[in-house]
């Protein structure tokens with residue numbers, strides 16, 4: 001059983017119909033990793049809201065939880081504009097303290113999955129140095145967001161990202177990012193992958209997810225960038241958490257020693273199963 005440490009803050013998500021629910025990459029990733037048979041430890045930060053308590057309870061059902069209490073949870077409002085999901089950053093949470101966890105020692109994979117600004121570069125580096133995971137997989141969307149309370153979330157231009165973060169990314173084993181998180185780069189995903197590669201160097205495996213169109217896999221051990229388009233596409237269901245699901249399943253595959261292409265294809269299948277489960281019964 002691969003051992004995963006998943007790091008990231010829980011969120012409170014508010015929807016147009018008045019619903020409130022727990023969210024965050026850490027929750028979606030934990031569900032996917034559990035379904036893949038991994039043993040999970042979660043390091044998270046959350047406030048006292050009922051939705052946050054619910055989220056912590058869900059994580060506790062999946063594995064060990066190390067919770068850092070915060071005055072409030074990161075809160076996002078979900079809106080739709082022209083059929084596209086728009087996130088509005090309503091409330092900031094708190095940064096994660098690396099000293100709050102003392103294990104597991106040397107997990108097979110540390111999956112770093114911030115949803116806002118709760119894991120700055122020094123904390124990311126400190127966690128990796130402290131726990132010495134065999135592999136580190138980074139779901140980088142939370143680091144690529146321009147965040148201002150009360151305003152819609154927009155992608156940062158790559159030149160705006162802290163150079164210390166690029167150094168931390170370069171030391172990772174795999175990076176997963178959505179093409180939507182790179183909107184400041186020309187929309188050609190190959191150009192997006194090339195722009196990222198120029199900043200992270202030759203080390204990490206790079207996955208750029210393309211939503212229903214599949215993904216690009218830039219494996220430094222291969223002589224070309226591989227584009228994969230799934231034959232099965234699930235339409236008409238919410239895609240929230242799909243990228244987190246992909247990243248977690250990829251991390252489990254890599255922990256099992258699967259080649260990058262095999263792990264990425266398995267991650268795609270996990271996403272498809274999750275989305276198919278969201279279909280309303282006929």
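Taking all pairs of distinct Cα atoms, average 1/r, flip it, and tell me the Kirkwood hydrodynamic radius of segment 1-87 in Å to one decimal place.
Taking every pair of different Cα atoms in segment 1-87, averaging 1/r and inverting gives 13.4 Å.
So, by mean Cβ neighbours within 10 angstrom, what's the order for 267-278, 117-128 with the highest one leading?
117-128, 267-278
R0 = 30 Å: FRET efficiency of residue 258 with residue 224, Cβ-based, nearest 0.05?
After rounding, the FRET efficiency stands at 0.95.
Compute the semi-axes of the equivalent ellipsoid of segment 110-247, taking the square root of 5 times each eigenvalue of the Cα gyration tensor, and list them largest first in whole Å.
22, 19, 15
For segment 26-166, taking Cα atoms only, what is the radius of gyration to one decimal and the Dmax to the nearest whole Å?
Rg and Dmax of segment 26-166, Cα atoms, are 15.5, 47 Å.
When only alpha-carbon atoms count, how far does segment 131-190 stretch along each of its three principal axes, as whole angstroms with the largest first?
Taking max minus min along each principal axis of the Cα atoms, segment 131-190 gives 37, 30, 17 Å.
For residue 231 and residue 84 in one chain, what is 0.36 nm times their gap in residues minus the Cα-Cα distance, to one decimal in nm?
50.6 nm
Sort 81, 42 so that the residue with the fewest other Cβ atoms within 10 Å of its own Cβ comes first and the one with the most comes last.
81, 42
Can you compute the FRET efficiency between residue 35 and residue 195 using 1/(1 + (r/R0)^6), with r the Cβ-Cβ distance and R0 = 22 Å? Round to the nearest 0.05.
It comes out at approximately 0.10.
Sorted from fewest to most neighbouring beta carbons within 10 Å, what does the list 198, 25, 30, 228 look like?
198, 228, 25, 30
Expressed as a rounded percentage, what relative contact order does the chain have, with Cα pairs under 8 Å and six or more residues apart?
16
So for segment 159-208, Kirkwood radius off the Cα pairs, Stokes-Einstein at 4 °C and 1.567 mPa s: how many µm² s⁻¹?
The Stokes-Einstein estimate is 117 µm²/s.
Mean shadow of the chain, computed from the convex hull of its alpha carbons, in nm²?
In nm², the orientation-averaged hull projection of the chain is 14.2.
Readers should treat all values here as calculations from the given coordinates under stated rules, not as data from a laboratory. Computed from a predicted model, the values in this text were never measured in an experiment. Every residue, glycine among them, receives a Cβ derived from its backbone with ideal geometry; neighbour counts consider all protein chains shown.
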